[in-house]
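The values are calculated or read from the model by the stated rules, or taken from the named source; none is laboratory data. Model, not experiment: these values are computed from the prediction. Cβ placement follows ideal geometry from the backbone for every residue including glycine, while neighbour counts extend to all protein chains displayed.
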Amino acid sequence: MNVAKAKVCIVDDDPAVQDSVRALLAAFGFETHCVASAEEFLLGNFSGSIDGMVLDLRLPKMSGIDLLTQLTEQGTAVPTVVISGHRDEDVLAQLASFQAVIFLMKPFAPNRLVDFLSEHCTSNGTADPMARITAKPTPDRPPIDADARRRDVRNSPMDACARTRRRAAKRLR
């Protein structure tokens, strides 16, 4: 799918995460905008002007879940990748009720983020962003893939560093 100029808003209070996700998505042709809070997102009036969103679950004041709930109630929800370093079964259950939402545990494999957004986001000007969603969750591709962290991290550079540190620590014992 051609994602050139598909607009994605990154809602995360960590500037390092914003910068890395922005650089990743820009490399794949996405147009990005970053905000540090759910309130800033709502004040920026991005609802009708974006094709997708990368959303941190834990934000100051208003949480990512609260933002998703509000956007869904307003009918302005867009395909969303929810990211978090914390796994909470209650939150995962809540996320399952949203359409076109995937959960990725930090650290996550960049291809999971890009693949989801590439599949669900287009810049075709469709009035109803949810009308662009054609893929339904299947047993081999559930909407919430918290267990993918184990698979994704095994091949990441961060995991290689962690393995090296563990080996070094064992030698020092």
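Values for this structure:
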read-out: Matching residues in segment 69-110 - criterion: being without any contact (Cβ under 8 Å) to a residue 40 or more places away in the chain and in a helix (DSSP H, G or I); value: T69, Q70, L71, T72, E73, Q74, E89, D90, V91, A93, Q94
read-out: Search result, residues across segment 26-43 that are more than 14 Å from C9 (Cβ to Cβ) and in contact with a helix residue (DSSP H, G or I) (Cβ under 7 Å, 6 or more places away or on another chain); value: F28
read-out: Criterion violated by A16 - all others in (1) on the phi > 0 side of the Ramachandran plot; (2) part of a helix (DSSP H, G or I) satisfied; value: (1)
read-out: Any hit, segment 44-64, residues being in contact with a helix residue (DSSP H, G or I) (Cβ under 8 Å, 6 or more places away or on another chain), assigned to a helix (DSSP H, G or I) and surrounded by fewer than 14 Cβ atoms within 10 Å (Cβ to Cβ); value: no
read-out: E119 being at pLDDT 85 or above and over 20 Å from V17 (Cβ atoms); value: yes
read-out: Residues being polar (S, T, N, Q), out of contact with any Cys (no Cβ under 6 Å at 6 or more places or on another chain) and under 22 Å from N111 (Cα atoms) - total across segment 14-72; value: 2
read-out: Yes/no for D90 being crowded, with 20+ Cβ neighbours inside 10 Å and either among the charged types (D, E, K, R) or modelled with pLDDT under 85 (or both); value: no
